[in-house]
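What follows is a short report on a single structure.
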Amino acid sequence: MSQIVVLGAGYSGIQAARVLARSAPEHLVTLVDRLPHHQLTTQFPATVTGRLTTGRAFIPLERIVPTNVRILRAEIESVSRSPFEIQTSLGAVPADWLAVCLGTTSSDLGVPGAREHALPLKSVQDCMRLRNCVRDLVSSRGLTRIVVVGGGYSGTEVAGELTDPQFATSTRGLEVTIVQPDNRLLPQGSSRLADAVQRILTKRGVRTLCGLWLSEVGAEGICLDTGEKLAADLVVWTASTRPTPVVKQTFEISPEGRIPVDPYLRPPNSERVYVAGDLAALQDLHGRLYPASAQIAVAQGTRIGQNIIAELAGKLPVEFKPRLLGEALTLGRHAAAAEVGGVLSTGRLAHAMKRAALFRYLAGFGSPALLRDYL
Ligand SMILES: Cc1cc2nc3c(=O)[nH]c(=O)nc-3n(C[C@H](O)[C@H](O)[C@H](O)COP(=O)(O)OP(=O)(O)OC[C@H]3O[C@@H](n4cnc5c(N)ncnc54)[C@H](O)[C@@H]3O)c2cc1C
């Protein structure tokens, strides 16, 4: 019997643990996470305005983790490789095989004042804090000015939720600005989708400052690297992420802050260790890094679970070659943009596609009660 330890219960770790529990029940699978729940990050932006309750943005682990997986709720403090040993806040965990699925944490990129004055959106606690802050601001001020730093999935969706017509009419005036260091929104996604999102946000009055960066965040607003100052009552930080410090001590980290892996999702010169999700730096057929997305994380988590099982059975692992369906973003109650199968759509159809992605994900757990509670 082998001890297989999955680090992280996010999109990739949950899938890896489920595949292992189902296909290799003779082995001992342990899932370690600091949280007692799985975070549905794709739902986070809709909690910022209260369109969704934060209760719909996480699932208690017992509801989705098979009973033959041991759940260890602990902070992972270090990982050593020969022999494998994971130090946690609850003591050492030995391992014969390791699935590293720890995602990333928010990074202020060294911008002075960002840590003190900007609010990140990486956890359910962040959702609650932002929700309370937005609610207090819009109820107490004539005009609320919000700067969203970062124009990826989360930044554009947050801007979309804040400028949703139904929410906007409940305020006494809202000005939303996105500051995006790249030359366009959604730099990881298709340019057609990015253009569609840009059009919707522009129509709603969102100011998008692309190709600009910040020199400072303060209590009164931000300062751009051009010297321009923007007043802000709230700065939402979605701009950048970095690997959790634990993996930095043990693995080589790429310039993008991820662990380089081979097409089988193994770090170089490593045996019996796989990496999946936002942490894994793997190039696609066009030489671009696979984007940090829930869809990729789920597919990679499944692949590393299957590859560990293959190796345990004396077989060869299989390369990661995902069949991607497309991308969909919601920008409030009814607006959305999606590109699925090469077809671009907006409005209710795109909204339905994003909902279908959630349905597909939840349905994979095989629990009708989960669909009832989270859809
Ligand atoms: C606000 C927001 C909106 C998003 N919207 C979309 C979207 O619409 N579509 C999309 O495809 N993607 C979206 N994403 C991206 C998506 O959430 C990530 O790509 C995905 O979560 C990556 O999965 P993962 O398994 O790599 O890591 P995660 O899901 O981040 O999971 C990592 C897990 O590791 C645990 N962990 C980390 N360090 C430690 C430690 N030291 N000790 C113990 N536990 C630890 C964490 O608690 C967490 O449970 C969004 C992200 C955010 C933040």
Expressed as a whole-number percentage, the relative contact order of the chain with C-alpha contacts under 8 angstrom and at least six residues apart is 18 percent
Tilt, helix 191-203 to longest principal axis of the chain (alpha-carbon atoms), in degrees rounded to tens, equals 40 degrees
Note: probe point = Cα of residue 109 + 7 Å toward Cβ; backbone nitrogen < 18 Å; residues of the range 156-192 passing the test are 156-159, 177-189
Listed with the fewest Cβ neighbours within 10 Å leading, 134, 79, 246 appear as 246, 79, 134
Cross-link reach from residue 203 to lysines, straight Cα distance under 29 Å and at least 8 residues apart if same chain, gives 122, 229, 354
Length-normalised contact order of the range 107-239, Cα under 8 Å, at least 6 apart, in percent, tallies to 35 percent
Most exposed to least, judged by fewest other Cβ atoms within 10 Å, 89, 106 sort to 89, 106
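A short reminder: the numbers here are calculations on the coordinates, not readings from a lab. Everything numeric in this text was worked out from a predicted model, so none of it was measured. All Cβ positions, glycine included, derive from the backbone under ideal geometry; neighbour counts span all protein chains shown.
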